[in-house]
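The values are calculated or read from the model by the stated rules, or taken from the named source; none is laboratory data. All of these numbers come straight from a predicted model, not from anything done at the bench. Neighbour counts are summed over all protein chains in view; Cβ atoms, including those assigned to glycine, are modelled from backbone coordinates with ideal geometry.
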Amino acid sequence: MLDFLFTSDAIMALLTLTFLEIILGIDNIVFISIAANKLPEHQRNKATNIGLILAMVQRVILLFFVSFLIGLSEPFYTYKSDWFNIALSWQAIILFAGGLFLIYKSTSEIREKVEDPKHDEDGMKSKVIKSLSQAITQILIIDFIFSVDSILTAVGMTNGLHPNTNYTLVLMIIAVVISIIVMIGFANPIRKFIDRNPSMQILGLAFLILIGFMLITEAAHLSHTEFFGKSVGAIPKGYLYFAIAFSLFVEFLNFKTAKKK
């Protein structure tokens, strides 16, 4: 286990995934803050911390469930024709559906943030919350919605890193725990930084489109999909790491340039 966790692939996946989990968690922090701010002042910090801890527990449970489904790699349906072959498994279906969901969610989120960035926040502010239990219930519902793309991102970044899915599950759990701890400790500074640099969140959503496309090709590869005798290959994760690192480097240069001006 430790040998795997200290490999370069595992470390890169952990760092990238933790970064993405924090970026994707910004909206979650905003909504938790809005819900908590409707409570008396002495209950706000409590609601925020409880909400984030329950968010972590909820995501870990979802990780176990999704990892179980992805472990079902044996084909249950095979189709062959002159130009198209496929061997469907639950693993391939989950990855394909997850990839489509990430692409849809990311593109719709980018469009919404460009056209009406405060739409979801205004909707959240209109909801009535009178007690701590109501606030925590609302936070759990919100986090479940945000957990889906978070979990699918984790699956996309770690799938195929090791033949033993338990090892990749541990890696995903570590990334989720680290990201939640960072959000608990630095929720307000992180939120303020993103408010000053909204392009970081757009960048994170753009990365999800890449991960979604990678999940779709991975699903096609694992189901041995062939078009006209040509099999679909998996995209090496190194390409994704390079794209993310290069994009962040360009964003860092933009940030430094804007700061000097």
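Residues that are within 21 Å of the chain's Cα centre (by Cα), among the hydroxyl-bearing types (Ser, Thr, Tyr) and over 23 Å from TRP83 (Cα atoms) within segment 205-261 comprise TYR239, TYR241, SER247, listed in sequence order.
If you go through segment 36-56 and keep only what is surrounded by fewer than 14 Cβ atoms within 10 Å (Cβ to Cβ) and part of a helix (DSSP H, G or I), you end up with GLU41, HIS42, ASN45, ILE53.
Based on this model, can you work out whether LEU62 counts as under 26 Å from the mean Cα position of the chain (by Cα), of a type outside the set (Lys, Arg) and in a helix (DSSP H, G or I)? Give the derivation first.
Working: under 26 Å from the mean Cα position of the chain (by Cα): yes; of a type outside the set (Lys, Arg): yes; in a helix (DSSP H, G or I): yes.
So LEU62 passes the test.
Checking each residue in segment 211-240 for being at pLDDT below 80, assigned to a helix (DSSP H, G or I) and surrounded by fewer than 17 Cβ atoms within 10 Å (Cβ to Cβ) picks out only GLY238. Looking across SER73, SER150, SER179, one residue alone is modelled with pLDDT under 80, crowded, with 20+ Cβ neighbours inside 10 Å and of a type in the set (Gly, Ala, Ser). It is SER150. Of the numbered criteria (1) of a type in the set (A, V, I, L, M); (2) touching a helix residue (DSSP H, G or I) at 6+ places or on another chain (Cβ under 8 Å); (3) touching a residue at least 60 places away in the same chain (Cβ under 8 Å), the one ALA87 fails is (2). Would it be correct to say that ASP143 is touching a Lys or Arg at 6+ places or on another chain (Cβ under 6 Å) and either assigned to a helix (DSSP H, G or I) or modelled with pLDDT of 75 or more (or both)? So ASP143 does not fit the description; no.
Right, ALA10: modelled with pLDDT of 80 or more and over 13 Å from the mean Cα position of the chain (by Cα) or not?
So ALA10 passes the test.
As a summary of the residue check, GLN134 satisfies the conditions (1) in a helix (DSSP H, G or I); (2) buried (at least 16 other Cβ atoms within 10 Å of the Cβ); (3) touching a residue at least 12 places away in the same chain (Cβ under 8 Å) except for the one numbered (3). For segment 184-204, the count of residues that are assigned to a helix (DSSP H, G or I), at negative phi, modelled with pLDDT of 85 or more and under 20 Å from the mean Cα position of the chain (by Cα) is zero. Within segment 146-171, the set of residues being in contact with a Lys or Arg (Cβ under 9 Å, 6 or more places away or on another chain), among the aliphatic types (A, V, I, L, M), part of a helix (DSSP H, G or I) and within 18 Å of LEU15 (Cβ to Cβ) comprises ALA154, MET157. Restricting segment 103-132 to residues that are small (Gly, Ala, Ser) and either farther than 18 Å from SER33 by Cβ or modelled with pLDDT of 80 or more (or both), the residue that is nearest to the chain's Cα centre (by Cα) is SER106.
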